[in-house]
Amino acid sequence: MVELILFYAFAGVIIFSAMLMVLSRNIFHSALFLAVTLLGVAALFAMMGSFFIAGIQVLLYIGAVVVLTIFVINLTKQVIGQDAPQVNEHVIPAIITSLLAACLIILAVLKTDWGTRIAQSVAQTELTDNTALIGRQLLTNFVIPFEVVSVLLLAALIGAIAIVSRDKEAEK
Amino acid sequence: MDMTLLVNEFLITGIIVLLLLLDFMIKDKKEIIGVVFSALMFGMMLFVMFFNRKGILLGGAFVADGIAWFSKIIILAAAFLTGLMSVNTIKVSKKYTAAYYILLACSTLGLMFLVSSKELITLYVGLELATISLYALSAIYKNDDLSLEAGIKYIILGAVSSGILLYGLSLIYGVTRTTYLDGIMNYASTGLINPVFIMALIMTLLGVGFKLSMVPMHVWTPDVYQGAPTPVTAFISVASKAAGFVFALRLFAYMFIRLDYVWVPILSIIAFLTMTIGNLMAIPQKNVKRLLAYSTISQAGYILVGFVGASVIGISSVMFYLLAYTITNIAAFAVVAAFAKSTGSEELDDYAGLAQKEPLLALIFMFALLSLAGIPPLAGFVGKFFLFYAAMQRGYVWLVVAGALNSTVSLYYYLLVLRQMYLTDRKKELPKVVMPLGIKLTLLITMIAIFVLGLMPGPVLDMTTEIAQKLFLK
């Protein structure tokens, strides 16, 4: 019962701060609300016993991604201004399509038999040694994506440097 | 565990490192990096062709089967020809020439993982590696506003579509509790179909549809194709699309085969819309790259017709058409790259009177466009014929009629280009088109391939049919 209340509380925080992130006029506030959203997701992970994923969520998403975003906002303040207009010209069609999509998803989720009992037993076995299991899986069954991600980071680095850095030769 | 199955991917990773080292060693003549890249990709293509190892790794997460083999050849051929085309035409400064080829190699690596994996996480990571490299490549002309616009549009719309795809894939995992395609196929075959599973299927279709630029996820295509460097456009339009279609084949023609009553009707309507909207939007275009962009949208529509078709012959015809389409499209974009390099223009009006000045270039462009339209002795005709034949087998006569009508419409705007080149007089004087060796080789290879595939499709068709049959044998 306590678990259920906690779940709905965190879910509420996530939805509320996500909406504030989208609707807020100040892009800096948006970044802070993003941090709150991600923190809520981390709490949900922790509730499900995935403490490792929860820790990674806090470290990477809040510690790195949001901090980087705030850095970028501060560094480009002169260029775009603090209160860059974030108004969508197609507000009403956007609301209608989003609501329809949301209704569809909620309906589909409610009508599905998720086999909750099996899920609980799986969660309980994993609760005991979750982190070790993730580590073992990453280096055995999922070793290919694990290694490919490192090439992906290299490609992203090279791409970012090639686009962003100043190029005196080409400016001539 | 047979690690030698991964040898192609290891070698490409080695090539990436080698290119990084070459960048340190070569100070001035950066074109050499392009030549080395193309030569290595050609070598890899031959290696994959002749050392055809089959097998399964990591409990079915990574497979080396016929489809993976055939599409790796297409991807490496596209990478090789793109490299060849780039050597003398790209306008990247010396400092970043190596970055251009390294990103191209990274994208090739991602696409190769994508076509070989039968597990959702591996598929997704391969897809991301391929597209993130392409985002950077589209924006690599950083002093050109159009290129930057292409990059930002590609990355934002691409991220949204990746998000939808990932949501769909995670729902599939949530319902089936496995990420292996074989396991999901078993689940889909039990007949216990949840509404969420159907929704996840549609979300996956939408996410993959972005990569294939199928309507209504096509809006990014013209802007990105126009703004990106021409060789990159060629690579996006062939290699990334070919791998996307293989991804779609694995998901729909294999994993969801028992759910075909859900996706075949959806896909047939999307195929119709993609063909028609692509063709109709192409007619008023004044920029050659935009025209080719809309033409590739309609080509994706024709390939989707093959998906709708009966399973074995459908897969076989899709694989064959991907090969024919790859070489034809590369030929067309190589002509555009050569023309833009010398004259600095991509406008259709400037192609006026090209046939008198450069008869050979105009002739090659004509063959490429006629092959795209599907005129008999060329590769495009055979490909299209089998796509429509596959759809006929399943009784989709209306779709085949629509496809035939669409081919007529497409012939109209291809002929508009030909009229510009052959019948219109030159309005202003443009510099002579100089064809660098790289472009000459690209055009020579693609022309030979277009005629060989068009006149003697038999051996390749037998090969693709065998591949398609083996997919369903256990």
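The values are calculated or read from the model by the stated rules, or taken from the named source; none is laboratory data. Note that the structure is a prediction, hence the values are computed from the model and not measured. Glycine gets a Cβ as well: all are built from the backbone with ideal geometry, and neighbour counts include every protein chain shown.
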Checklist outcome for this item: Residues in the stretch B:157-177 that are outside any helix (DSSP H, G or I) and of a type in the set (A, V, I, L, M, F, W, C) total 0
Item to check | Which listed residue, of B:Ala402, B:Ala379, B:Ala391, B:Ala355, is closer than 27 Å to B:Leu81 by Cα and modelled with pLDDT of 85 or more | outcome: B:Ala379
Checklist entry - Of the residues that make up the stretch B:90-103, is at least one more than 25 Å from B:Gly168 (Cβ to Cβ), free of Cβ contacts under 8 Å to residues at least 24 places away in the same chain and facing chain A (nearest Cβ under 10 Å)? => result yes
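Yes or no, residue by residue, for (1) farther than 24 Å from B:Ala77 by Cα; (2) in contact (Cβ under 8 Å) with a residue 12 or more places away in the chain; (3) outside any helix (DSSP H, G or I):
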{"site": "B:Phe381", "(1), (2), (3)": "no, yes, no"}
{"site": "B:Phe385", "(1), (2), (3)": "no, no, no"}
{"site": "B:Phe388", "(1), (2), (3)": "yes, yes, no"}
{"site": "B:Ser407", "(1), (2), (3)": "yes, yes, no"}
{"site": "B:Ser410", "(1), (2), (3)": "yes, yes, no"}
{"site": "B:Met421", "(1), (2), (3)": "yes, yes, no"}
{"site": "B:Lys428", "(1), (2), (3)": "yes, yes, yes"}
{"site": "B:Leu453", "(1), (2), (3)": "no, yes, no"}
{"site": "B:Pro459", "(1), (2), (3)": "no, no, no"}
Next on the checklist: Name the single residue that is modelled with the highest pLDDT among those in the stretch A:119-145 being at the interface with chain B (Cβ under 10 Å from one of its Cβ atoms) and outside any helix (DSSP H, G or I).
Outcome noted: A:Phe142
Item to check | Near pairs, Cβ below 9 angstrom, 6+ apart or cross-chain, from the stretch B:264-283 (of a type in the set (Gly, Ala, Ser)) to any residue that is in a helix (DSSP H, G or I) and surrounded by fewer than 17 Cβ atoms within 10 Å (Cβ to Cβ) | outcome: B:Ser268/B:Trp398
Checklist entry - Which residues, taken from the stretch B:430-448, are part of a helix (DSSP H, G or I) and either more than 29 Å from B:Gly353 (Cβ to Cβ) or basic (Lys, Arg) (or both)? => result B:Lys440
Item to check | Single unsatisfied condition, B:Val288 versus (1) surrounded by fewer than 24 Cβ atoms within 10 Å (Cβ to Cβ); (2) under 18 Å from B:Val238 (Cα atoms); (3) among the aliphatic types (A, V, I, L, M) | outcome: (1)
Checklist outcome for this item: Cβ pairs under 9 Å, 6+ apart or interchain, first in the stretch B:1-24 and within 13 Å of chain A (Cβ to nearest Cβ) and in a helix (DSSP H, G or I), second among the β-branched types (Val, Ile, Thr) and surrounded by fewer than 17 Cβ atoms within 10 Å (Cβ to Cβ), ordered by first then second residue, are B:Leu5/B:Ile56
Checklist entry - Restricting attention to the stretch B:163-175, which residues are closer than 27 Å to B:Ile56 by Cα and buried (at least 19 other Cβ atoms within 10 Å of the Cβ)? => result B:Leu165, B:Gly168, B:Leu169, B:Leu171, B:Ile172, B:Val175
Next on the checklist: With the requirement that a residue be assigned to a helix (DSSP H, G or I) and among the small types (Gly, Ala, Ser), what does the stretch A:29-60 give you?
Outcome noted: A:Ser30, A:Ala31, A:Ala35, A:Gly40, A:Ala42, A:Ala43, A:Ala46, A:Ala54, A:Gly55
Checklist outcome for this item: In the stretch B:282-295, residues that are closer than 21 Å to B:Leu405 by Cα and modelled with pLDDT under 90 total 4
Item to check | Only one of A:Ala9, A:Ala54, A:Ala46, A:Ala64 that is farther than 21 Å from A:Ser98 by Cβ and touching a Phe, Trp or Tyr at 6+ places or on another chain (Cβ under 9 Å) | outcome: A:Ala54
Item to check | Boolean, B:Gln285 is farther than 22 Å from B:Val308 by Cβ and not in a loop (DSSP other than H, G, I, E, B) | outcome: no
Item to check | For A:Val148: the one exception among (1) more than 9 Å from every other protein chain (Cβ to nearest Cβ); (2) at pLDDT 85 or above | outcome: (1)
Next on the checklist: Condition (residue is surrounded by 24 or more Cβ atoms within 10 Å (Cβ to Cβ), more than 7 Å from chain A (Cβ to nearest Cβ) and in contact with a helix residue (DSSP H, G or I) (Cβ under 8 Å, 6 or more places away or on another chain)) applied to the stretch B:152-162: is it met by at least one residue?
Outcome noted: yes
Next on the checklist: Regarding the stretch B:46-69, can at least one residue be identified that is closer than 21 Å to B:Phe333 by Cβ and either at pLDDT 90 or above or in contact with a Phe, Trp or Tyr (Cβ under 7 Å, 6 or more places away or on another chain) (or both)?
Outcome noted: no
Checklist entry - B:Ile448 passes all but one of (1) within 21 Å of the chain's Cα centre (by Cα); (2) surrounded by 13 or more Cβ atoms within 10 Å (Cβ to Cβ); which number fails? => result (2)
Item to check | Pairs where the first residue, in the stretch B:172-199, is within 12 Å of B:Glu119 (Cα to Cα) and the second is crowded, with 16+ Cβ neighbours inside 10 Å and among the basic types (Lys, Arg), C-beta under 9 Å, 6+ apart | outcome: B:Tyr180/B:Lys118; B:Leu181/B:Lys118; B:Leu181/B:Arg250; B:Asp182/B:Lys118
Checklist entry - From the list B:Met217, B:Met203, B:Met185, which one is outside any helix (DSSP H, G or I), touching a helix residue (DSSP H, G or I) at 6+ places or on another chain (Cβ under 8 Å) and either more than 14 Å from every other protein chain (Cβ to nearest Cβ) or buried (at least 21 other Cβ atoms within 10 Å of the Cβ) (or both)? => result B:Met217
Checklist outcome for this item: By residue number, the members of the stretch B:115-130 that are more than 10 Å from every other protein chain (Cβ to nearest Cβ) and modelled with pLDDT of 90 or more are B:Val115, B:Leu127
Checklist entry - Out of curiosity, is B:Arg419 farther than 29 Å from B:Glu347 by Cβ and out of contact with any Cys (no Cβ under 8 Å at 6 or more places or on another chain)? => result no
